[in-house]
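Engineer: Below you will find the structure I want to go over with you.
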Amino acid sequence: MIGGRNWGLMQFFKYDHLPPKLQEFSKPFAELALQLNEVLPDNSEKTTMLRRLLEAKDCAVRAFLFRPTKAEIAEMESKAKEVAAKNGFLSTVGGTDKA
């Protein structure tokens with residue numbers, strides 16, 4: 001059988017309730033899910049594919065929303081300074097290094 005089972009799962013691909021920027025990231029996943037749900041035969045692999053596509057969509061949205069903590073920012077700045085010093089570059093992170 002081709003097409004349309006999995007509609008319970010498909011509800012999670014809806015994106016019209018999201019802010020415009022998040023819709024931009026969610027829409028391609030929804031379109032692909034709809035297309036594949038229609039053309040692939042209904043079986044456990046199709047359901048797994050849709051679940052993993054949904055998981056990927058959620059990761060894309062979270063990647064856009066991600067904001068590092070102050071500790072993570074400090075660690076990134078420290079690592080950037082170490083790499084710059086190791087490679088003989090001046091680091092402008094934090095504005096503390098001088099030429």
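The values are calculated or read from the model by the stated rules, or taken from the named source; none is laboratory data. Just so it is clear, the model here is predicted, and its values are computed rather than measured. So basically every Cβ, Gly included, is an ideal-geometry build from the backbone, and we count neighbours across all protein chains shown.
Engineer: Just name the residue that is nearest to Ala63 (Cα to Cα) out of those in the stretch 5-37 that are touching a Phe, Trp or Tyr at 6+ places or on another chain (Cβ under 9 Å) and small (Gly, Ala, Ser).
Structural biologist: Here the residue is Ser26.
Engineer: So how many residues does the stretch 20-47 have that are surrounded by 12 or more Cβ atoms within 10 Å (Cβ to Cβ) and without any contact (Cβ under 8 Å) to a residue 40 or more places away in the chain? Spell out how you get there, then give the answer.
Structural biologist: Taking the stretch 20-47 and keeping what is surrounded by 12 or more Cβ atoms within 10 Å (Cβ to Cβ), we get 22-34, 36-37, 40, 42, 46-47.
Filter once more, keeping what is without any contact (Cβ under 8 Å) to a residue 40 or more places away in the chain: 23-34, 36-37, 40.
Adding up the residues that qualify gives 15.
Engineer: If only one of Arg62, Arg52 is in the same structural domain as Gln11 (by TED's automatic domain parsing) and at pLDDT below 95, which one is it?
Structural biologist: Values: Arg52 fails: at pLDDT below 95.
Result of the check over Arg62, Arg52: Arg62.
Engineer: Within the stretch 9-17, does at least one residue satisfy the condition of being of a type in the set (D, E, K, R) and either touching a residue at least 40 places away in the same chain (Cβ under 8 Å) or surrounded by 10 or more Cβ atoms within 10 Å (Cβ to Cβ) (or both)? It would help to see each step written out before you state the result.
Structural biologist: First, the residues of the stretch 9-17 that are of a type in the set (D, E, K, R): 14, 16.
Still in the running and either touching a residue at least 40 places away in the same chain (Cβ under 8 Å) or surrounded by 10 or more Cβ atoms within 10 Å (Cβ to Cβ) (or both): 14.
Yes; the residues of the stretch 9-17 include at least one that is of a type in the set (D, E, K, R) and either touching a residue at least 40 places away in the same chain (Cβ under 8 Å) or surrounded by 10 or more Cβ atoms within 10 Å (Cβ to Cβ) (or both).
Engineer: Among the residues of the stretch 62-77, write down those that are under 13 Å from the mean Cα position of the chain (by Cα) and aliphatic (A, V, I, L, M).
Structural biologist: If the condition is that a residue be under 13 Å from the mean Cα position of the chain (by Cα) and aliphatic (A, V, I, L, M), then Ala63, Leu65 are the ones that fit.
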